[in-house]
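Student: This is the structure, below, for whatever I ask next.
The values are calculated or read from the model by the stated rules, or taken from the named source; none is laboratory data. This structure is a prediction, so every number in the text was calculated from the model and none was measured. Positions of Cβ are backbone-derived with ideal geometry, glycine not excepted, and every protein chain shown enters the neighbour counts. Surface areas here come from the heavy atoms of the whole protein model, side chains and all, with no ligands, DNA or RNA. Shrake-Rupley method; radii C 1.70, N 1.55, O 1.52, S 1.80 Å.
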Amino acid sequence: MYLGIDIGTSGVKAILLSEAGDVAAQATASLPVSRPQPLWSEQNPTHWWTATSTAIARLPADLKARIQGIGLAGQMHGATLLDAADKPLRPAILWNDGRSEAACQTLESRVPSSRDITGNLAMPGFTAPKLIWTANFEPDVFEQTAKVLLPKDYVRLLMTGEYATDLADAAGTLWVDVANRSWSDEMLKACRLTREHMPNLYEGPETTGALLASVASEWNIPTNTPVVAGGGDNAAGAIGMGVFNPGDAFLSLGTSGVLFAADDTYRPNAASGVHTFCHALPNRWHQMSVMLSAASCLDWAVRFSGGDSVEALISGAETRGEVGTSDALFLPYLSGERTPHNNPRAKGILFGLSHESDAADLGQAVLEGVALGFADGLDVLASSADIASISVIGGGARSNYWGRILSAALNRPLTYRKNAEVGPALGAARLAQMGVNGQSEPEFSAPEIDHEITPNQEDAERLAIKLERFRRLYQSTQDLL
């Protein structure tokens, strides 16, 4: 058995993968997010550990006793600041936190070649600007900072006692020379940091340490079980879905939304807001178009409307089945936006209502708005990445009606594979299996296809018209707030 752990934003997911590649068991535990001020998004690092232990406790004891290796996946970009005794100095600043907008400008002015080094625009969600913000506004915290870890790597530290990270996750900090797959001293210096503040870098399948005896006893897992580097959630999700060769792509419908394209060549496209990072496998890279709010928009819509559940919201929209026919438009920028706008101050907008508008109209507008945001991202991603096929992963992958809308908005077929909802945890477990078996290249294929959704051309034509209105609405309102 191989254990895959995904430290997400809304919860931790743990799965057990058999040697044959089957998901034998899975468990979850929820996580709270704190938003103490506008643009802020934080989590207490101790909550990651509690939730991880809770999820693992919910796995079958007989299967846990057979675990041979562990892999980690997790939310990217979070700044976990530790003192010399490895104690968190403040709540972790998360990927969807927008407070460091000015720090991005500072960073790029300090290193004019930053986009060439990192392959990316400096965006508030990335880790490096958060440290400039901390130095400016919490200098006492900054001066005490001995290590900066990403969320899953804080959990790794408690598991193994080792400071380690994988290149895919590290590339999202803006401290990595992405082409050469190493820390960039120039980018670190711009944030008043050195390599001593950083964990050691590993490729995804490489072993970073072994499970401590105390943790093994608490979790009922064999002592000294190897822990591999794993990957940031998107790269690990790609491994889970078999997306690691040129032309392979996936669409992730989680808290955030991601269009991810694998490549064996480093091809940055920073000017368009596309992210270019190392993949979780050696000598591979990937590009991403990222929305900060995707499936989380449905949770918002349920709260906003006083509805019962996301499932009921989708069902109400599906009952009418009128894709692209409503006047209602929804801009899904509840946490700002990355690709293509790079605007942490962008706001969500619900537009085009009338006296006849109801909860079903709201649900339809939100489903379509997220899909149109993905269409915006696909336009810029496809300008520099080859995309032959798109698989769908994440919790939102369970809705075929949303799949119909997404397929029409993108005007491309979508492939749904088994275990799509556990993609990052599955990828982490597969990387553990590779590490234990001494493999640097995958010896597995994409999971079995469950079904495919092809675009309905009438839906696609209506949503193409709506996409133009969607873009004009953003352009007309972006300077009002």
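Student: Taking region 152-171, which residues are under 22 Å from the mean Cα position of the chain (by Cα) and not in a helix (DSSP H, G or I)?
Tutor: TYR163, ALA164, THR165, ASP166
Student: Can you name every residue in region 244-262 that is in contact with a His (Cβ under 8 Å, 6 or more places away or on another chain) and open to solvent by less than 10 Å² (accessible area, probe 1.4 Å)?
Tutor: Of region 244-262, the ones in contact with a His (Cβ under 8 Å, 6 or more places away or on another chain) are 244, 260-262.
Listed by number, the residues that qualify are PHE260, ALA261, ALA262.
Student: Please verify whether region 318-330 includes one or more residues that are modelled with pLDDT under 90, surrounded by fewer than 24 Cβ atoms within 10 Å (Cβ to Cβ) and not in a loop (DSSP other than H, G, I, E, B). Steps first, answer last, please.
Tutor: Here is the first cut: in region 318-330, the residues modelled with pLDDT under 90 are 320-322.
This time we only want the ones that are surrounded by fewer than 24 Cβ atoms within 10 Å (Cβ to Cβ), so: 320-322.
Narrowing the set further to residues that are not in a loop (DSSP other than H, G, I, E, B) leaves 320.
Checking region 318-330: at least one residue is modelled with pLDDT under 90, surrounded by fewer than 24 Cβ atoms within 10 Å (Cβ to Cβ) and not in a loop (DSSP other than H, G, I, E, B).
Student: A further question follows. Would you mention how many residues in region 36-47 are over 21 Å from ASP153 (Cα atoms) and either at pLDDT below 95 or open to solvent by 60 Å² or more (accessible area, probe 1.4 Å) (or both)? Lay out the reasoning, then the answer.
Tutor: The initial filter retains those residues of region 36-47 that are over 21 Å from ASP153 (Cα atoms), namely 36-40.
If we keep only those that are either at pLDDT below 95 or open to solvent by 60 Å² or more (accessible area, probe 1.4 Å) (or both) as well, we get 36-39.
Going through region 36-47 one residue at a time, the tally reaches 4.
Student: Given the criteria of a type in the set (Asp, Glu), within 30 Å of ARG338 (Cβ to Cβ) and in contact (Cβ under 8 Å) with a residue 60 or more places away in the chain, does GLU101 qualify?
Tutor: Numbers: of a type in the set (Asp, Glu): yes; within 30 Å of ARG338 (Cβ to Cβ): yes; in contact (Cβ under 8 Å) with a residue 60 or more places away in the chain: yes.
Answer is yes for this residue.
Student: Can you pull out the residues in region 91-121 that are assigned to a loop (DSSP other than H, G, I, E, B) and either modelled with pLDDT under 95 or surrounded by 18 or more Cβ atoms within 10 Å (Cβ to Cβ) (or both)?
Tutor: Start the filter on region 91-121 by keeping residues that are assigned to a loop (DSSP other than H, G, I, E, B), which leaves 91, 94-100, 111-113, 119-121.
Answer for region 91-121, where residues must be assigned to a loop (DSSP other than H, G, I, E, B) and either modelled with pLDDT under 95 or surrounded by 18 or more Cβ atoms within 10 Å (Cβ to Cβ) (or both): PRO91, LEU94, TRP95, ASN96, ASP97, GLY98, ARG99, SER100, VAL111, GLY119, ASN120, LEU121.
Student: Could you give every pair whose Cβ atoms fall below 9 Å, whose first residue belongs to region 46-64 and is among the basic types (Lys, Arg), and whose second residue is in a loop (DSSP other than H, G, I, E, B) and surrounded by 18 or more Cβ atoms within 10 Å (Cβ to Cβ), counting only separations of at least 6 or pairs across chains?
Tutor: These pairs meet every condition: LYS64/MET1; LYS64/ILE221.
Student: Just one of ALA85, ALA20, ALA25 is among the hydrophobic types (A, V, I, L, M, F, W, C), in a strand (DSSP E or B), open to solvent by 10 Å² or more (accessible area, probe 1.4 Å) and out of contact with any Ser or Thr (no Cβ under 8 Å at 6 or more places or on another chain); which is it? Outline the logic, then answer.
Tutor: On the way: ALA85 fails: in a strand (DSSP E or B); ALA20 fails: in a strand (DSSP E or B).
Answer to the check: ALA25.
Student: Could you please find all residues in region 338-366 being without any contact (Cβ under 8 Å) to a residue 60 or more places away in the chain, out of contact with any Lys or Arg (no Cβ under 9 Å at 6 or more places or on another chain) and either assigned to a helix (DSSP H, G or I) or open to solvent by less than 20 Å² (accessible area, probe 1.4 Å) (or both)? Spell out the reasoning first.
Tutor: Going residue by residue through region 338-366, those that are without any contact (Cβ under 8 Å) to a residue 60 or more places away in the chain are 348, 350, 352-361, 364-365.
Filter once more, keeping what is out of contact with any Lys or Arg (no Cβ under 9 Å at 6 or more places or on another chain): 348, 350, 353-359, 365.
Listed by number, the residues that qualify are ALA359, ALA365.
Student: Further question: Looking only at region 69-103, how many residues end up being farther than 30 Å from ASN224 by Cβ and among the hydroxyl-bearing types (Ser, Thr, Tyr)?
Tutor: 1
Student: Going through region 26-63 one residue at a time, which ones are over 17 Å from TRP95 (Cα atoms), hydroxyl-bearing (Ser, Thr, Tyr) and out of contact with any strand residue (DSSP E or B) (no Cβ under 6 Å at 6 or more places or on another chain)? Outline the logic, then answer.
Tutor: The first filter runs over region 26-63 and keeps only residues over 17 Å from TRP95 (Cα atoms), leaving 26-30, 46, 49-63.
Those left that are additionally hydroxyl-bearing (Ser, Thr, Tyr): 28, 30, 46, 50, 52-54.
Answer for region 26-63, where residues must be over 17 Å from TRP95 (Cα atoms), hydroxyl-bearing (Ser, Thr, Tyr) and out of contact with any strand residue (DSSP E or B) (no Cβ under 6 Å at 6 or more places or on another chain): THR46, THR50, SER53.
Student: When region 61-70 is examined, which residues are found to be closer than 21 Å to ASP166 by Cα and either part of a loop (DSSP other than H, G, I, E, B) or open to solvent by 10 Å² or more (accessible area, probe 1.4 Å) (or both)? Give the derivation first.
Tutor: Filtering region 61-70 for residues closer than 21 Å to ASP166 by Cα gives 68-70.
Result: GLN68, single match.
Student: Do we find a residue being surrounded by 24 or more Cβ atoms within 10 Å (Cβ to Cβ), touching a helix residue (DSSP H, G or I) at 6+ places or on another chain (Cβ under 8 Å) and of a type in the set (Val, Ile, Thr) anywhere in region 135-147? Walk me through how you get there before you give the answer.
Tutor: At the first step, the residues of region 135-147 found to be surrounded by 24 or more Cβ atoms within 10 Å (Cβ to Cβ) are none.
Scanning region 135-147 turns up no residue that is surrounded by 24 or more Cβ atoms within 10 Å (Cβ to Cβ), touching a helix residue (DSSP H, G or I) at 6+ places or on another chain (Cβ under 8 Å) and of a type in the set (Val, Ile, Thr).
Let's see how each residue does on (1) of a type in the set (A, V, I, L, M, F, W, C); (2) out of contact with any Cys (no Cβ under 9 Å at 6 or more places or on another chain); (3) open to solvent by 20 Å² or more (accessible area, probe 1.4 Å):
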{"site": "GLY8", "(1), (2), (3)": "no, yes, no"}
{"site": "LEU16", "(1), (2), (3)": "yes, yes, no"}
{"site": "SER34", "(1), (2), (3)": "no, yes, yes"}
{"site": "TRP49", "(1), (2), (3)": "yes, yes, yes"}
{"site": "ALA55", "(1), (2), (3)": "yes, yes, no"}
{"site": "LEU59", "(1), (2), (3)": "yes, yes, no"}
{"site": "LEU72", "(1), (2), (3)": "yes, yes, no"}
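Student: For residues in region 417-446 being out of contact with any Gly (no Cβ under 7 Å at 6 or more places or on another chain) and more than 27 Å from LEU211 (Cβ to Cβ), which is modelled with the lowest pLDDT?
Tutor: So, considering only residues that are out of contact with any Gly (no Cβ under 7 Å at 6 or more places or on another chain) and more than 27 Å from LEU211 (Cβ to Cβ), the one modelled with the lowest pLDDT is ALA420.
Student: In region 182-218, what residues are in contact (Cβ under 8 Å) with a residue 60 or more places away in the chain, open to solvent by less than 70 Å² (accessible area, probe 1.4 Å) and farther than 30 Å from SER256 by Cα?
Tutor: Residue satisfying the conditions is LEU211 alone.
Student: Let me ask something additional. Which helices (runs of 4 or more DSSP H) does region 370-481 wholly contain that include 1 or more residues that are open to solvent by less than 20 Å² (accessible area, probe 1.4 Å) and more than 22 Å from LEU331 (Cβ to Cβ)?
Tutor: On the way: elements: 400-410, 423-436, 457-477.
In region 370-481, 423-436 are the helices (runs of 4 or more DSSP H) which contain 1 or more residues that are open to solvent by less than 20 Å² (accessible area, probe 1.4 Å) and more than 22 Å from LEU331 (Cβ to Cβ).
Student: Turning to a different aspect of this structure: Against the condition of a type outside the set (Phe, Trp, Tyr) and open to solvent by 20 Å² or more (accessible area, probe 1.4 Å), how does PRO222 come out, does it pass? I'd like the intermediate steps shown before the answer.
Tutor: Values: of a type outside the set (Phe, Trp, Tyr): yes; open to solvent by 20 Å² or more (accessible area, probe 1.4 Å): yes.
Spelling it out, PRO222 is indeed of a type outside the set (Phe, Trp, Tyr) and open to solvent by 20 Å² or more (accessible area, probe 1.4 Å).
Student: Still on this structure, please answer the following. Only one of TYR163, TYR154 is open to solvent by less than 40 Å² (accessible area, probe 1.4 Å), of a type outside the set (Lys, Arg), at negative phi and modelled with pLDDT of 95 or more. Can you tell me which? Explain how you work it out, then say what you get.
Tutor: Numbers: TYR163 fails: open to solvent by less than 40 Å² (accessible area, probe 1.4 Å).
One residue alone meets the criteria, TYR154.
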